[in-house]
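Q: So that we are looking at the same thing, I have put the structure below in structure tokens.
The values are calculated or read from the model by the stated rules, or taken from the named source; none is laboratory data. Worth saying up front: this structure is predicted, and the values here are computed from it rather than measured. Here the Cβ is made from the backbone with ideal geometry for all residues, glycine too, and neighbour counts use every protein chain on show.
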Amino acid sequence: MASRALVKFEKVADARLRKIFAATLERYEFQREITVVLRGTRIKGSTMQAQPILGLLSLFQGTSRYCIRLGAYVRHSNSLLVATLDEEVLTGWFAHELGHVYDYHQRSTWDMIVFGIKYVVSRSFRRRVEHRADEIAIEQGFYKELISTKKFLFTDQGISPAYRKRLQKYYMSMDDLEEHLRANVMIDPVD
């Protein structure tokens with residue numbers, strides 16, 4: 001039986017963003033109860049970023065609190081407000097970040113520490129981690145929303161070339177998503 005996830009908002013005043021995030025989180029199924037904080041903040045080098053909230057107690061009991069940091073603007077843009085993006089794009093983006101949370105939730109605190117170091121020092125590991133977040137989001141039923149997010153990120157004129165280049169380096173493309181779905185579709189037998 002799956003547990004629910006509690007949501008807290010910090011410095012996120014936009015009711016629409018809060019509603020979309022809460023609805024996305026509600027569709028995820030976790031093995032035990034967790035808390036996810038959506039925190040509006042400035043983020044260097046990203047638009048959204050999921051992280052475990054580690055403390056002394058989590059070293060012994062595991063991590064059950066996570067934070068998704070949310071910038072006001074899409075990276076490298078002073079005009080693309082995250083709050084104004086299409087609902088399906090936001091849902092896919094939140095689903096990707098919650099894919100990270102789901103992945104983190106499966107790991108021990110010590111594993112998360114090693115995981116964080118590897119993420120910083122290894123580009124191939126970072127690429128696998130970003131692809132895995134999308135795979136988890138697909139498994140949770142967010143394929144259509146992820147495609148909308150990828151279409152926005154890879155084709156919208158407001159996305160800077162520098163950001164798009166970084167996305168292409170680490171994240172699944174629309175073709176990668178479709179290939180993953182083709183390779184992992186389960187077909188029910190016909191009686």
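Q: Tally up the residues in region 67-94 that are at pLDDT 95 or above, assigned to a strand (DSSP E or B) and over 16 Å from the mean Cα position of the chain (by Cα), please.
A: Looking only at that region, the number is 0.
Q: Which of the residues that make up region 149-176 are assigned to a helix (DSSP H, G or I), surrounded by 13 or more Cβ atoms within 10 Å (Cβ to Cβ), of a type in the set (Ser, Thr, Tyr) and more than 14 Å from the chain's Cα centre (by Cα)?
A: Residues of region 149-176 assigned to a helix (DSSP H, G or I): 149-155, 161-170, 174-176.
Of the ones still in play, those that are also surrounded by 13 or more Cβ atoms within 10 Å (Cβ to Cβ) are 149-154, 163-164, 166-167, 170, 174, 176.
Checking which are of a type in the set (Ser, Thr, Tyr) leaves us with 149, 163, 170.
Residue satisfying the conditions is TYR163 alone.
Q: A follow-up question, please. Please state which one of ARG107, ARG16, ARG42 is over 15 Å from the mean Cα position of the chain (by Cα), surrounded by 13 or more Cβ atoms within 10 Å (Cβ to Cβ) and of a type in the set (Lys, Arg).
A: Of ARG107, ARG16, ARG42, the one residue that is over 15 Å from the mean Cα position of the chain (by Cα), surrounded by 13 or more Cβ atoms within 10 Å (Cβ to Cβ) and of a type in the set (Lys, Arg) is ARG107.
Q: While we're here: Assuming VAL89 fulfils every condition listed in (1) in contact with a Phe, Trp or Tyr (Cβ under 6 Å, 6 or more places away or on another chain); (2) surrounded by fewer than 20 Cβ atoms within 10 Å (Cβ to Cβ); (3) under 25 Å from PRO161 (Cβ atoms) apart from one, which condition is it?
A: Unmet for VAL89, out of (1) in contact with a Phe, Trp or Tyr (Cβ under 6 Å, 6 or more places away or on another chain); (2) surrounded by fewer than 20 Cβ atoms within 10 Å (Cβ to Cβ); (3) under 25 Å from PRO161 (Cβ atoms): (2).
Q: Please go through region 139-148 and give me each residue that is surrounded by 17 or more Cβ atoms within 10 Å (Cβ to Cβ) and among the small types (Gly, Ala, Ser), ordered by number.
A: Within region 139-148, just SER148 meets the criteria.
Q: If I ask for residues that are over 12 Å from LEU54 (Cβ atoms) and not in a helix (DSSP H, G or I), which ones from region 105-122 would you list?
A: GLN106, SER122
Q: Let me spell it out: the conditions are (1) closer than 26 Å to VAL114 by Cβ; (2) surrounded by 14 or more Cβ atoms within 10 Å (Cβ to Cβ); (3) at pLDDT below 95; (4) not aliphatic (A, V, I, L, M), and GLU97 meets all of them except one. Which number is the exception?
A: GLU97 satisfies all of (1) closer than 26 Å to VAL114 by Cβ; (2) surrounded by 14 or more Cβ atoms within 10 Å (Cβ to Cβ); (3) at pLDDT below 95; (4) not aliphatic (A, V, I, L, M) except (3).
Q: Pull out all pairs, ordered by first then second residue, where Cβ-Cβ is under 7 Å, the residues are six or more apart or on different chains, the first lies in region 67-79 and is closer than 18 Å to ARG166 by Cα, and the second is basic (Lys, Arg) and assigned to a loop (DSSP other than H, G, I, E, B).
A: Listed by first residue and then by second, the contacts come to GLY71/ARG42.
Q: On to the next question. Among the numbered criteria (1) touching a Lys or Arg at 6+ places or on another chain (Cβ under 9 Å); (2) more than 26 Å from LYS11 (Cα to Cα), which one does GLY99 miss?
A: Of everything listed in (1) touching a Lys or Arg at 6+ places or on another chain (Cβ under 9 Å); (2) more than 26 Å from LYS11 (Cα to Cα), GLY99 misses just condition (2).
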